Amino acid sequence: MITFEKLFETMRQKNVSTYWLREQCGLDSKTIRRLKANENIETKTLNKLCNALSCRIEDIMEYIPD
């Protein structure tokens, strides 16, 4: 399973809100909801997140074997 718990941890460390993500990355509320629910996300969204947060992919997602 892919989890986005690291994304929200990185956001806390950088003092970034979901509102900021919507404004700076152009993400909509549906995408934020999908991230919170660990649902499928497009790679272009992952790219936007890494660019906006100045981080690596492993800072926002993690694979956990089922």
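Miscellaneous remarks
- Flag for PHE8 being open to solvent by less than 80 Å² (accessible area, probe 1.4 Å) and either of a type in the set (Lys, Arg) or touching a helix residue (DSSP H, G or I) at 6+ places or on another chain (Cβ under 6 Å) (or both): no
- The range 1-17 residues that are within 12 Å of ASN38 (Cα to Cα) and in contact (Cβ under 8 Å) with a residue 40 or more places away in the chain, paired with ones that are of a type outside the set (Phe, Trp, Tyr) and open to solvent by less than 40 Å² (accessible area, probe 1.4 Å) (beta carbon under 6 Å, 6 or more apart): PHE4/LEU35; LYS6/ILE60; LEU7/ILE60
The values are calculated or read from the model by the stated rules, or taken from the named source; none is laboratory data. Fair warning: this is a prediction, and the values are worked out from it, not measured in the lab. Positions of Cβ are generated from backbone atoms using ideal geometry, with glycine treated the same way; all protein chains shown enter the neighbour counts. Ligands, DNA and RNA are stripped out before the accessible areas are found, and what is left, the full protein with its side chains, is counted by its heavy atoms. Shrake-Rupley method; radii C 1.70, N 1.55, O 1.52, S 1.80 Å.
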